[in-house]
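First comes the structure, then the notes that go with it.
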Amino acid sequence: FAMDSKGEISSPVQSEILRADAYEPDDDEASSTAFDHSAAQRHNFHQPYDADWVHFYALTGQVYEIRTVQLGSNVDTVIELYRQNPDRSLTLIVQRDSQGKGRGDGEYVLLSHPETNAFYYVRVRPYDSSSAGSQSEYELQIYIPTAGVGHSLIVVAVDRVFGCALPPGSTATL
């Protein structure tokens, strides 16, 4: 209940506060976060026209699966995958929106054996760019699929200044 300056009492109203997810601000490629392949990220569309960007380094000869799982009932995700060019501009590789709204649905993109080692950027946005708010949560996954027999450890060292792999002969100690 609330009372105004004239002493009139209003009817109760239920409200929900939706906060930005832990990765904000990530609304463009410049503010994107590096994606850790070992864990999924939980995002939401906390305001109209929100979009979430992440980036990862992909090696030739590997297969990468990029997936959203819609956790809320009021979300319809669209995935866009971009490759970073040597001049740092981005080229759209694929855009996917094959599902509709609904908990448990989502989108899926396969990056199969990229031609060159490069940074790739993923933009996830709602199908209806003005939709946001309650029940707009989703999970983003980027991983190298395995056949279920054994596991591989892939260490990728990247020179962030020049945006390329480290030179041959470089070593890493775990």
With respect to the numbered conditions (1) assigned to a loop (DSSP other than H, G, I, E, B); (2) under 10 Å from the mean Cα position of the chain (by Cα), which one is the sole condition not fulfilled by Y49?
(2)
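Counting just the residues of the stretch 1-40 that are assigned to a strand (DSSP E or B) and open to solvent by 100 Å² or more (accessible area, probe 1.4 Å), which one comes out modelled with the highest pLDDT? Walk me through how you get there before you give the answer.
So the first thing to find is which residues in the stretch 1-40 are assigned to a strand (DSSP E or B), and the list is 3, 9, 33-34.
Cutting the leftovers down to open to solvent by 100 Å² or more (accessible area, probe 1.4 Å) gives us 3, 9.
Working: M3: 80, I9: 85.
For the stretch 1-40, the residue satisfying everything is I9.
Is it the case, given these coordinates, that P145 is modelled with pLDDT under 95, within 20 Å of D36 (Cβ to Cβ) and loosely packed, with under 13 Cβ neighbours inside 10 Å? Talk me through it step by step, then tell me what you get.
Numbers: modelled with pLDDT under 95: yes; within 20 Å of D36 (Cβ to Cβ): yes; loosely packed, with under 13 Cβ neighbours inside 10 Å: yes.
Against the criterion (modelled with pLDDT under 95, within 20 Å of D36 (Cβ to Cβ) and loosely packed, with under 13 Cβ neighbours inside 10 Å), P145 qualifies.
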Would you pick out the residues in the stretch 84-124 that are buried (at least 19 other Cβ atoms within 10 Å of the Cβ) and of a type in the set (D, E, K, R)?
E107, R123
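Residues that are farther than 21 Å from Y23 by Cβ and touching a strand residue (DSSP E or B) at 6+ places or on another chain (Cβ under 7 Å): list the strands (runs of 3 or more DSSP E) wholly contained in the stretch 64-141 that include at least 2 such residues.
Numbers: elements: 77-84, 90-96, 108-112, 118-126.
Because the criterion is at least 2 residues that are farther than 21 Å from Y23 by Cβ and touching a strand residue (DSSP E or B) at 6+ places or on another chain (Cβ under 7 Å), the strands (runs of 3 or more DSSP E) in the stretch 64-141 that meet it are 90-96, 108-112.
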One residue is enough: does the stretch 114-132 have a residue meeting the conditions touching a helix residue (DSSP H, G or I) at 6+ places or on another chain (Cβ under 7 Å) and either at pLDDT below 80 or of a type outside the set (K, R) (or both)?
yes
So Q62 passes all but one of these: (1) surrounded by 13 or more Cβ atoms within 10 Å (Cβ to Cβ); (2) over 21 Å from A40 (Cα atoms); (3) not β-branched (V, I, T). Which condition number does it fail?
(2)
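The values are calculated or read from the model by the stated rules, or taken from the named source; none is laboratory data. On a predicted model such as this, the values are computed, not experimentally measured, just so you know. Virtual Cβ from ideal backbone geometry, glycine too; neighbours counted across all protein chains shown. Just so you know, the surface numbers come from the protein's heavy atoms only, side chains and all, with ligands and any DNA or RNA stripped out. Shrake-Rupley method; radii C 1.70, N 1.55, O 1.52, S 1.80 Å.
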